[in-house]
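Engineer: Okay, handing you the structure first.
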Amino acid sequence: MSECSCTESKKLEKPLVLKIEKIVDEAKDFKTFIFRHRLNAKPGQFVMLWIPRVDEKPFSVTYQDKERFALTIFKVGPFTQKLFEMKEGDKVGIRGPYGNHFKLEGKNVVLVGGGCGTAPLGFLADEMKKIKADVNFIVGAKSKPYLLYLHRMKKSGVKTFVTTDDGSFGVKGFTTELLKTFIEKNRLDKVFACGPEVMLKHVVEMCLKAGIPCEVSMERYMKCGFGVCGQCCVDNSGVRVCKEGPVFSAKKIKKIAEFGKYKRSASGKKVKL
Amino acid sequence: MLKTRICGIKLENPTVLASGIMGVTGASLCFVSENGAGAVTTKSIGLEERKGHPAPVVLEWENGLINAVGLSSPGIEEGVEELKAAVEKSKSPVIASIFAPTTKQFGEVARQVSKAKPAMIEANISCPNVEAEFGKPFATDQKAAAGVTKIVKKNSKVPVIVKLSPNVPNIKIIAQAVEKAGADSICAVNTVGPGMVIDIKTGKPLLANKAGGLSGPAIRPVAVRCVYDIYESVKIPIIGTGGVTYGKDAVEMIMAGALAVGVGSAVHYRGIDVFRKVCNEIIEFMEKEGYSKLKDFRGIAHE
Ligand SMILES: Cc1cc2nc3c(=O)[nH]c(=O)nc-3n(C[C@H](O)[C@H](O)[C@H](O)COP(=O)(O)OP(=O)(O)OC[C@H]3O[C@@H](n4cnc5c(N)ncnc54)[C@H](O)[C@@H]3O)c2cc1C
Ligand SMILES: Cc1cc2nc3c(=O)[nH]c(=O)nc-3n(C[C@H](O)[C@H](O)[C@H](O)COP(=O)(O)O)c2cc1C
């Protein structure tokens, strides 16, 4: 019987308090928060961000180097509103990194990001460039002011393709329509996607049909982030999105019966998507 | 070798998933069952929909976990639906944990969950994290504890477990009171405390609820002592819960008198397959020490 070394050898699952080093206006209603801390995350992983006396919520890592990491956050509700009121130098807590990650593989790959789902793909694009992949990034938003990372991607040699719902920039329409042309015209090794679940559902179906390996990252309501509370378990496999996920292969996601249909709220009640 | 029976219900092994870890949905209970749990307990189900406390709701400190989830629950209809899914598909027996703010409502919740035909019902009268709302837990008063036991018994067709709190001066009196009131089994213990962890950089308590119940390795000696005391004072079987992480911990609980052992926080320490691991370690221990049945060493700490 092995003795317990669990309290010694690994870091504790409690917030590490950090100062917000820098806040960047990324796009309309999007801010990027930069922290000085060596996180050692992998693309697709997330952290729990704690605002003392307010709440704590999950956010994906969008950027990482040896000294820093960053989160890009979309203002949607009370927590993100509060965060947007914070200033450089203010203290917040970070737990993580949590969850599994995208597998870095493929020579010719496409990344499909919709809305704040674009955040983890920024980090993924950086890492895929490091292994010399040909990275094509399809970025979707409702309109031009909401577009993320165009400059950042151009700088790192990632080919970006833009769609907006209203046609105010790039192609008018959905990211999935662009992906369709990509699949028809190219030999792709892998597709990665993160964004609204309807979009992910289409991406998964297209890739399965075309026989292209595909990984998508999904969101569910999370409380603990380290696999204890059971809040983010999905039907019918019961796996935890915070632990066995948030990244699932197209094949695995087909086994998640609720995918694209419903999710559970903080109480555990089902909510239609 | 590990087969056991509690209130006539057959368990493949004595490990039981403790309430509130994983068990929010039917599917998650089945996932735990596939990972070797002898029985699985649902997250406590209540009448009304509750979001629970804001986060953080569970954190780790040096020697265990601290939590104040705040009894989140989808409400009775969806709770029963999830329970039904678990009862239908789980390989191991399903225990329905229930909670309520009043004795009367405990009866109503028991009646409702009975529809899903769980193997047993566990009355959680010992949650320390909703005091601001619900007042002192029923488990801290022998009359209140007995009152809930009676009404849950009256509204259930299956064996009733009463889950006790370690945070009382004399747990024997409470155990005797619930046995007398008709409890078929006792689960001991719920979380210890409540405790508090303050972040020294911000000077703020870490849990949104500020205080929370302690679980995991640090509370094991408290849990073992409670099981020991209860074993001396009642005849009904005990599910020993609190800090069980390794096979040796389960053995210790059984030696104190437990028939089965609850496993909760260890899901964090050792992964979802902790149930299988603990079982293998119990077998390893038994083979080494020459025991062939759990009964051979149950309660031997009292001899
Ligand atoms: C793994 C993961 C990674 C994420 N990465 C990012 C990111 O990089 N950038 C970003 O802007 N957002 C991200 N999110 C979403 C982010 O967690 C929510 O936008 C945030 O919690 C909203 O809180 P609020 O109080 O501002 O809004 P609310 O009005 O409370 O909620 C707005 C939406 O966020 C969802 N949400 C609220 N709380 C949670 C929670 N605890 N867990 C999961 N979803 C929740 C709600 O269901 C609702 O759909 C991620 C979510 C998950 C699960
Ligand atoms: C996150 C968490 C949530 C819990 N929720 C409940 C609950 O809803 N009902 C209940 O009876 N006990 C609940 N408990 C208590 C456990 O069932 C168990 O009694 C306690 O954690 C001690 O066991 P352990 O050390 O193996 O975790 C919870 C414990 C934790 C850690």
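Engineer: Does B:Ala250 meet the test of being of a type in the set (Gly, Ala, Ser), within 12 Å of ligand 2 (Cβ to nearest atom), under 26 Å from B:Phe297 (Cβ atoms) and within 14 Å of chain A (Cβ to nearest Cβ)?
Structural biologist: yes
Quick grid of which residues meet (1) more than 13 Å from ligand 1 (Cβ to nearest atom); (2) among the β-branched types (Val, Ile, Thr):
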residue: A:Phe192; (1), (2): yes, no
residue: A:Val241; (1), (2): no, yes
residue: A:Ile253; (1), (2): yes, yes
residue: A:Glu258; (1), (2): yes, no
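Engineer: Can you spot a residue in the stretch B:58-67 that is farther than 22 Å from B:Gly271 by Cα, at the interface with another protein chain (Cβ under 8 Å from one of its Cβ atoms) and not in a loop (DSSP other than H, G, I, E, B)? Break it down stepwise before answering.
Structural biologist: Taking the stretch B:58-67 and keeping what is farther than 22 Å from B:Gly271 by Cα, we get none.
No, the stretch B:58-67 contains no residue that is farther than 22 Å from B:Gly271 by Cα, at the interface with another protein chain (Cβ under 8 Å from one of its Cβ atoms) and not in a loop (DSSP other than H, G, I, E, B).
Engineer: When both residues are 6+ apart or on different chains and their Cβ atoms are under 7 Å apart, which pairs have a first residue that lies in the stretch B:36-48 and is open to solvent by 10 Å² or more (accessible area, probe 1.4 Å), and a second that is within 16 Å of ligand 1 (Cβ to nearest atom)?
Structural biologist: Going by the 7 Å Cβ cut-off, the qualifying pairs are B:Lys43/A:Gly230; B:Lys43/B:Val24.
Engineer: Moving to a separate point now. Can you go through A:Lys66, A:Lys11, A:Lys91, A:Lys87 and tell me which one is farther than 19 Å from A:Gly225 by Cβ, within 13 Å of chain B (Cβ to nearest Cβ) and either under 20 Å from the mean Cα position of the chain (by Cα) or away from ligand 2 (no atom under 16 Å from the Cβ) (or both)?
Structural biologist: Only one candidate qualifies: A:Lys91.
Engineer: Go through the stretch B:154-169 and give me each residue that's over 13 Å from the mean Cα position of the chain (by Cα) and of a type in the set (D, E, K, R).
Structural biologist: Correct list: B:Lys154, B:Lys157.
Engineer: Under 9 Å between Cβ atoms, which residue pairs at least 6 apart in sequence (or on different chains) link something in the stretch B:12-30 that is within 20 Å of B:Ile186 (Cα to Cα) with a partner that is part of a strand (DSSP E or B) and charged (D, E, K, R)?
Structural biologist: As it stands, the answer is B:Ser19/B:Glu122; B:Ser19/B:Lys163, since those pairs meet every condition given.
Engineer: Oh, and also: Considering only the stretch B:228-255, state which residues are within 13 Å of the chain's Cα centre (by Cα) and on the phi < 0 side of the Ramachandran plot.
Structural biologist: Residues satisfying the conditions are B:Ile238, B:Ile239, B:Gly240, B:Thr241, B:Val244.
Engineer: Additional query: Could you tell me whether B:Ser44 is in contact with a Phe, Trp or Tyr (Cβ under 8 Å, 6 or more places away or on another chain) and hydroxyl-bearing (Ser, Thr, Tyr)?
Structural biologist: yes
Engineer: Would you point out the residue of the stretch B:183-231, among those that are away from chain A (no Cβ under 14 Å) and β-branched (Val, Ile, Thr), that is most open to solvent (accessible area, probe 1.4 Å)?
Structural biologist: B:Val222
Engineer: Here is a list: A:Leu121, A:Leu148, A:Leu83, A:Leu71. Which entry is assigned to a strand (DSSP E or B), touching a residue at least 12 places away in the same chain (Cβ under 8 Å) and open to solvent by less than 50 Å² (accessible area, probe 1.4 Å)? So that I can check it myself, show each step before the final result.
Structural biologist: Details: A:Leu121 fails: assigned to a strand (DSSP E or B); A:Leu148 fails: assigned to a strand (DSSP E or B); A:Leu83 fails: assigned to a strand (DSSP E or B).
Matching residue, one of A:Leu121, A:Leu148, A:Leu83, A:Leu71: A:Leu71.
Engineer: Going by the structure shown, is A:Val61 buried (at least 20 other Cβ atoms within 10 Å of the Cβ), modelled with pLDDT of 95 or more, within 19 Å of the chain's Cα centre (by Cα) and away from ligand 1 (no atom under 15 Å from the Cβ)? Explain how you work it out, then say what you get.
Structural biologist: Values: buried (at least 20 other Cβ atoms within 10 Å of the Cβ): yes; modelled with pLDDT of 95 or more: yes; within 19 Å of the chain's Cα centre (by Cα): yes; away from ligand 1 (no atom under 15 Å from the Cβ): no.
No: the conditions fail for A:Val61.
Engineer: Would you please list the contacts, defined by Cβ atoms under 6 Å and residues six or more apart or on different chains, that run from a residue in the stretch A:98-109 that is away from chain B (no Cβ under 14 Å) to a residue that is within 16 Å of ligand 2 (Cβ to nearest atom)?
Structural biologist: These pairs meet every condition: A:Gly99/A:Cys242.
Engineer: Go over the candidates B:Ala86, B:Ala96 one by one and state the one that is open to solvent by less than 30 Å² (accessible area, probe 1.4 Å), more than 14 Å from ligand 2 (Cβ to nearest atom), not hydroxyl-bearing (Ser, Thr, Tyr) and not in a loop (DSSP other than H, G, I, E, B). Lay out the reasoning, then the answer.
Structural biologist: Details: B:Ala96 fails: more than 14 Å from ligand 2 (Cβ to nearest atom).
Of B:Ala86, B:Ala96, the one residue that is open to solvent by less than 30 Å² (accessible area, probe 1.4 Å), more than 14 Å from ligand 2 (Cβ to nearest atom), not hydroxyl-bearing (Ser, Thr, Tyr) and not in a loop (DSSP other than H, G, I, E, B) is B:Ala86.
Engineer: Kindly list the number of the only condition in (1) surrounded by fewer than 18 Cβ atoms within 10 Å (Cβ to Cβ); (2) closer than 22 Å to A:Gly238 by Cα that fails for B:Lys104.
Structural biologist: It is condition (2) that B:Lys104 fails.
Engineer: Within the stretch B:110-131, can one find any residue that is modelled with pLDDT of 95 or more, open to solvent by 10 Å² or more (accessible area, probe 1.4 Å) and in contact with a Ser or Thr (Cβ under 7 Å, 6 or more places away or on another chain)?
Structural biologist: yes
Engineer: Ok, one more. Pairs needed: first member in the stretch A:15-44, part of a loop (DSSP other than H, G, I, E, B); second member anywhere, basic (Lys, Arg) and surrounded by fewer than 20 Cβ atoms within 10 Å (Cβ to Cβ); C-beta distance under 7 Å; at least 6 residues apart or different chains.
Structural biologist: A:Asp29/A:Lys75; A:Arg38/A:Lys66
Engineer: Still on this model: Suppose the filter is within 15 Å of ligand 1 (Cβ to nearest atom), among the aliphatic types (A, V, I, L, M) and closer than 23 Å to A:Val241 by Cβ; does A:Leu104 pass it?
Structural biologist: For A:Leu104, the condition - within 15 Å of ligand 1 (Cβ to nearest atom), among the aliphatic types (A, V, I, L, M) and closer than 23 Å to A:Val241 by Cβ - is not met.
Engineer: Could you pull out the residue among B:Gly247, B:Gly203 that is touching a Cys at 6+ places or on another chain (Cβ under 8 Å) and away from ligand 1 (no atom under 16 Å from the Cβ)?
Structural biologist: Just a single option satisfies the conditions, and that option is B:Gly247.
Engineer: May I pose another question? Take the residues in the stretch B:250-268 that are in a helix (DSSP H, G or I) and open to solvent by 10 Å² or more (accessible area, probe 1.4 Å), then tell me which one is farthest from ligand 1 (Cβ to nearest atom).
Structural biologist: B:Met255
Engineer: Tally up the residues in the stretch B:33-52 that are in a loop (DSSP other than H, G, I, E, B) and more than 12 Å from A:Cys224 (Cβ to Cβ), please.
Structural biologist: Residues in the stretch B:33-52 being in a loop (DSSP other than H, G, I, E, B) and more than 12 Å from A:Cys224 (Cβ to Cβ): 11 in total.
The values are calculated or read from the model by the stated rules, or taken from the named source; none is laboratory data. Here the structure is a predicted model, which means the values were calculated and not measured. Reconstructed Cβ throughout: ideal geometry from the backbone, glycine too, with neighbour counts over all protein chains shown. Areas reflect the complete protein model, heavy atoms only, side chains present, ligands, DNA and RNA absent. Shrake-Rupley method; radii C 1.70, N 1.55, O 1.52, S 1.80 Å.
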